[in-house]
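Novice: Below you will find the structure I want to go over with you.
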Amino acid sequence: MINAANIIAYNATIAAWARTAKNRGPEANFRSKPSSEDIIRSREAAEKAEDLLREMWSENTNRTLHLPDRKNPMPRNVILPDVVSYSSVISAYASSLDQPHGMNRARKLLSELEGCAALDFSEYGSTDSDEDSLKSTRGRGFQPSTTTYNSVLNAFAQAGDPTSAEEIFDSM
């Protein structure tokens, strides 16, 4: 069975869950505190976004990847998460109504992404013939973007935690 999902489809779905994590139910009075149902819904949405991120990693670590040659063509549907995948999940947790859990998960995912920046994913090649896609993973790993850092900084600012925000700022 051929999996038609690609990085764009994964990232779009992760972004949809991330937006859901920010929203309260339709019956919410936005001047009141979020209901326990809103908090649960928000946390579950952020967790579903993270589940998709983990799915991309597990899809690739459960098989042996190799560089293509005549005997072994490039494996199909090798999809690695990228900085957009991580940034969307981080944003989901950072804006989640379930705090401080969301901020803690956002911070851990940011650390994970920073750790990935030193890795070289060129051994995975690319399943996409698009040259830009090939450049996006080969030889550079991941680098957190300004958007990634801002998501975490804004979460700590909204929570009134300037010490944690400054720690993130200093690590940039």
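The values are calculated or read from the model by the stated rules, or taken from the named source; none is laboratory data. For clarity, every value in this text was computed on a predicted model and none was experimentally measured. Positions of Cβ are generated from backbone atoms using ideal geometry, with glycine treated the same way; all protein chains shown enter the neighbour counts. All accessible areas refer to the heavy atoms of the entire protein, side chains included, with ligands and DNA or RNA removed. Shrake-Rupley method; radii C 1.70, N 1.55, O 1.52, S 1.80 Å.
Novice: Report, by residue number, each residue of the stretch 143-160 that is open to solvent by 40 Å² or more (accessible area, probe 1.4 Å) and more than 16 Å from Ser85 (Cβ to Cβ).
Specialist: Thr146, Asn150, Asn154, Ala157, Gln158, Ala159, Gly160
Novice: Any idea which of (1) modelled with pLDDT under 80; (2) assigned to a loop (DSSP other than H, G, I, E, B) is the one Ser96 doesn't satisfy?
Specialist: Going through (1) modelled with pLDDT under 80; (2) assigned to a loop (DSSP other than H, G, I, E, B) one by one, Ser96 breaks only (1).
Residue by residue, here is whether (1) open to solvent by 80 Å² or more (accessible area, probe 1.4 Å); (2) at pLDDT below 95; (3) not in a helix (DSSP H, G or I) holds:
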| site | (1), (2), (3) |
| --- | --- |
| Gly25 | no, yes, yes |
| Glu37 | yes, yes, no |
| Glu47 | no, no, no |
| Trp57 | no, yes, no |
| Asp69 | yes, yes, yes |
| Asn72 | no, yes, yes |
| Leu110 | no, yes, no |
